[in-house]
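Down below is the structure, laid out as structure tokens.
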Amino acid sequence: MATTSRTKGKKELAKPIDNGEGEVRRASVVHDGGKKHARKNVVLLCGEGPPSELSDDDEEFARLEAAAYRDYDCNYPAEDVDPMDIFPYSTHRDGSIYRGEYSWKKDYRVAERNETWIEAMMLSDPKDCMFHNGTCWMHSPWPMLQIFSLKLAKIPMDADSVELYGYIATRDVLDPLLNYIVNVSRNDPIIIKQGSLIEMTGPKRGIELCDTTLIEYDMRIKTGEQEKDDLQLIDGASIVDDRSTATKCLFTKRIHGDCGAVDITVSRLDVAVEATIEVHISEVRSTFNLCVGCFTSGLDQEIQLFDGAIGESRGLRRSVVATVIDTWMDLKFKVGSGPYSNRDTEHCYSFKAINHGWTSQLIKTEFASILVKVTWSTLSMSNM
């Protein structure tokens, strides 16, 4: 079992750089015998009941939906994870998601396939701030949805691993166009085993959650040369709302499909801001393994931002995480020489959530220099 060495946190190993607006605190931790990073226990509550119906003016749709949910409950009996409700007439493979005049399809413009035009960090340095007691009240925190993990819960029984492709995305009131959480091409599928995490490459910007947010998905298992022969993992659309979820509490739902299931773990975070995390590695002296994890808003589940080998100077993919204002976002950098190394070192830094601004931290390791920059922004609500 791998053990980790303790870093001293000397000034020459980690030099904070910021614009005078952010706060950062540093810590070094030890992993002993593979035990989890010690953190304060948090009581977690689960969202209860199905999401509220978006179409309350269509009795026929309501009747069909209720029947579909009854059939759904019969097909997927009680398990360790509650099933996520899936809208009827929301599948992509047969095109039913694009047909019909149901209000949720109109509200979230599901026929439009473009990616959201809104970028992250749009209000990281606004020029029209108005302050009271040192806090900007012109650009306020907002209820947000944070997706913590996606796990491949079930695959066909005769498969050890599968080639997975497709997408999972959100649509919110801020901008109903697709905000991808996962988007994998069939030409470059990911090879993954049952029980493994699905790497999240998004979101592109923070996910708004005031009333309801739609989660849309079409994930498939590649089986051969022709797409028509591929197996459907999950296909449809669901919603998360702010009435059946408790703020700052994690809950997990299982999205069932024809040939498997995906577990999604999320939390509603009220009065939250958007943290954009950028990591750049330089002065690489030898190939090493890097794992970057994130804890947000006092919750004890880690969001995996990166896990892979670094062999040359490069920037990592930008990550966007929701954080409750005035709480701490913790970033954990685990550095080691390889998967069988017995001396992995962790560097932990905490960044306090503010309305606007940025903070940087330079980490010096035996393998390379790691510069992390966290940029804070409220959501741009001007188009609502």
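Below, the figures for the structure above:
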quantity	calculated
Charge tally in the Cβ shell below 11 Å around residue 172, where Lys, Arg are +1 and Asp, Glu are -1, residue 172 excluded	-2
Charge dipole magnitude, Cβ of K and R +1, D and E -1 - the stretch 185-227, Cα centre, debye nearest 20	180
Peptide ranges 267-274, 128-135, 310-317 listed from the most packed, as the mean C-beta count within 10 angstrom indicates	267-274, 310-317, 128-135
Three-way shape label, the stretch 187-324, alpha-carbon gyration tensor, a/c 1.5	oblate
Charge tally in the Cβ shell below 14 Å around residue 109, where Lys, Arg are +1 and Asp, Glu are -1, residue 109 excluded	-3
15 Å beta-carbon shell around residue 223, net charge (K/R +1, D/E -1)	-3
Ranked list, fewest to most other Cβ atoms within 10 Å of each Cβ, for 358, 328, 376, 117	117, 328, 358, 376
Residue 93 versus residue 161: modelled label distance in nm, points set 7 Å from Cα along the beta carbon direction	2.4
Nearest-0.05 FRET efficiency for residue 103 and residue 185, computed from C-beta distance (R0 30 Å)	0.40
Per-selection Rg to Rh, the stretch 59-268 - Cα, Kirkwood hydrodynamic radius	1.00
Extension gain, residue 113 back to residue 307 (0.36 nm per residue minus Cα-Cα distance, nm)	66.8 nm
Charge dipole magnitude, Cβ of K and R +1, D and E -1 - the stretch 59-268, Cα centre, debye nearest 20	380
Taking 290, 331 and counting other C-beta atoms within 10 Å, the order from fewest to most	290, 331
Listed pairs 106/222; 106/248; 151/193 exceeding 21 Å between Cα atoms	106/222; 106/248
Interchain or long-range residues, amide H under 5 Å from residue 91's placed H	96, 97
Gain upon complete extension [residue 247, residue 223; 0.36 nm per residue less C-alpha separation]	4.6 nm
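The numbers here are math on the coordinates, done by the rules we state, and not lab data. Quick caveat: nothing in here was measured; it's all calculated off a predicted structure. Reconstructed Cβ throughout: ideal geometry from the backbone, glycine too, with neighbour counts over all protein chains shown.
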